[in-house]
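Quick notes on the structure that follows.
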Amino acid sequence: MKIYLLVSLLFGSLSWGQATSLRSALSSERPAVPTAAGAETPADGLRHESGASTIALDKPLITIRGLCGGLSADTATSDCKTVMTRAQFEEVINALEPNMPRHARREFALHYAEALVMARKAEEIGLDKGADYEEQMKLARIQVLSQDLKRVLQAKASQISDEDIEDYYRNNITRFEKAEIERIYVPKTQQTSSASDNNLSDAEKRERMQKSEQTMKEEADNLRAHAVGGEEFAKLQADAYKVAGIKSGAPNTSLVVRRSSLPPNHVSVMDLNPGEVSSVLADSNGYVIYWVKKKETLPLDQSREEIKATLRSQRMQDEMRGIQNSATPTLDESYFAR
């Protein structure tokens, strides 16, 4: 799917008659301009993988027989062809996705050649003329510029120094704490068979639900008291499921967590000391009790890639927010309202 999108992007922004880069990239019935002896170094910005370095830059990679390129009607022949060299092909790749893997490049080349043939046919029947075509080209230009800007901003956001990483680590040291914990999950209500509710009124159902919730809240408080007393969390978790009427096996109580992996209203657990038991914390579906067994802080060397990703994301968001806030669109809702 990505290859099709790349081809769509390319031919949404270039036309045979207008794109200078495309005209220079294609030759018809003419050999590509040879490079100087030993000139294996690619042109500015040209990137390629080591496996391709043995292929000469002027060697044809794509040959489309029957596609006459820029030949005029009086010189066209039935055996004319369009040729694209490695250097020309990689110019296209670098403009779209420089890190495209080798196996994907072959598929892209096939779709690229197919699109060239279809584009030429479209020109022959006049699809590159008229207001619709011009509007599509305007939209394609906007899309290309928008995507190029994002690529530039991403490159800028990725320029993260060791000093940036160290400063972030020092200023956010608690983010890199991890804790080995035991956790008890107490369901909010008891399970009942749907058949038992069939003959109950709505008021009776609400009353049963309230009693069920009260029973489980009291059970959570009771379990916390036992946890403080030193009882095993695995046994307490099994007791919680038994009171809730859940017959499936109880979940594992042992976990390793960080602040970022906890629900926002449970982050206070990371402030507990080893050996301490949390209060009963509300969850969307019940209650949770934590016991902190051990805490440690990840060293800087193990946190570098995470910090890079965080800073890159933050900087990209800041750049995008600044650009988007520089102009505010206003819509006439009378037109868009359904």
Quick one: of LYS217/LYS295; LYS59/LYS138; LYS188/LYS294, which pairs are farther than 32 Å apart, Cα to Cα? LYS59/LYS138
Excluding residues fewer than 8 positions from LYS205 in its own chain, the aspartates and glutamates with Cα under 15 Å of it are ASP197, GLU213
Return the loop-located GluC sites (Glu not before Pro) in the range 204-303 (DSSP other than H, G, I, E, B) with at most 13 other Cβ atoms within 10 Å of their own Cβ; answer none if there are none. GLU231, GLU232, GLU276
Which aspartates and glutamates, if any, have their Cα less than 12 Å from the Cα of LYS81, not counting same-chain residues under 8 positions apart? GLU29
LEU61 long-range amide H proximity, modeled H, under 5 Å: MET84, THR85, ARG86
A correct Karplus calculation of ³J(HN,Hα) over the range 166-176, with 6.51 cos²θ - 1.76 cosθ + 1.60, θ = phi - 60°, whole Hz and x for Gly and Pro, returns 5, 4, 5, 4, 5, 7, 9, 4, 5, 5, 9
Env charge @ VAL144, Cβ radius under 13 Å, K,R +1 / D,E -1, value +3
What order do you get for TYR290, TYR185, TYR133, TYR112 when you list them from fewest to most C-beta neighbours inside 10 Å? TYR133, TYR185, TYR112, TYR290
Which trypsin sites (Lys or Arg not before Pro) in the range 87-166 pass both tests, a DSSP loop state and at most 16 other beta-carbon atoms within 10 Å? LYS129
What does the charge count around ALA234 come to, taking other residues whose C-beta lies under 12 Å from its C-beta (Lys +1, Arg +1, Asp -1, Glu -1)? -2
Reachable lysines from LYS156, criterion Cα separation under 26 angstrom, eight or more residues apart if same chain: LYS2, LYS308
Could you tally the net charge around ALA113, taking each other residue with its Cβ under 14 Å from the Cβ of ALA113, Lys/Arg +1 and Asp/Glu -1? +4
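Read-outs: derived from the displayed coordinates by stated rules, not from any lab. Everything numeric in this text was worked out from a predicted model, so none of it was measured. Note that we place each Cβ from the backbone using ideal geometry, even for glycine, and neighbour counts take in every protein chain shown.
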